[in-house]
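Report on the following structure.
The values are calculated or read from the model by the stated rules, or taken from the named source; none is laboratory data. In this text, all values refer to a predicted model and were calculated from it rather than measured experimentally. Each accessible area value is taken on the protein alone, full model and side chains, heavy atoms only, with ligands, DNA and RNA left out. Shrake-Rupley method; radii C 1.70, N 1.55, O 1.52, S 1.80 Å.
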Amino acid sequence: MTFSYRSRVEWMDTDAAGIYHNSTVVRFVESAEAALVREWGLGSVYFPRVPRVRYEVDFLAPLYFGQEVTTELSVARVGSSSLRFEFTVRGEAFDGRDAVVAARGSYVVVHIDRATGQARDWPSELVDRFRG
């Protein structure tokens with residue numbers, strides 16, 4: 001299953017030339033992740049117990065201030081306490097420019113016990129949704 005989330009490049013996301021900072025991809029992707037978990041109705045079980053332990057991104061094209069963006073997010077692998085997401089960030093056609101794939105990558109989160117900080121198995125209701 002692929003989840004799509006629409007957003008826009010804001011001024012705070014850009015340098016003085018209006019081109020997005022690479023770090024903006026993290027915001028786009030994490031916003032998509034939060035929307036997906038909220039849509040599933042699992043926010044109180046999922047957040048704030050999932051630190052990122054790995055992030056990998058290929059930056060393929062610039063995005064510009066005001067440009068609409070679609071982030072596609074999918075669950076690629078479910079481990080006993082980890083989860084690997086894959087994502088694509090697409091910039092929509094804008095200001096005479098064609099639509100582009102701006103970034104592609106993956107990241108891993110680990111479910112932890114907040115009291116100890118140690119990895120902990122996913123609750124069954126999350127595993128069912130992730131594998132859904």
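A few remarks follow.
- Listed values for the range 87-102 are Karplus-derived 3J(HN,Hα) couplings in whole Hz (6.51 cos²θ - 1.76 cosθ + 1.60, θ = phi - 60°), namely 9, 9, 10, 10, x, 6, 3, 7, 6, x, 9, 6, 4, 9, 8, 8, and x replaces Gly and Pro.
- To put it simply, the accessible area of the chain at a 1.4 Å probe is 47 percent carbon and sulfur.
- Computed with a 1.4 Å probe on the full set of protein chains, the accessible area for TYR55 sits at about 70 Å².
- The mean sequence distance of close C-alpha pairs (under 8 Å, at least 6 residues apart), as a share of the length of the range 26-132, puts its relative contact order at 29 percent.
- The residues of the chain have, on average, 54 Å² of accessible surface per residue, using a 1.4 Å probe with all protein chains present.
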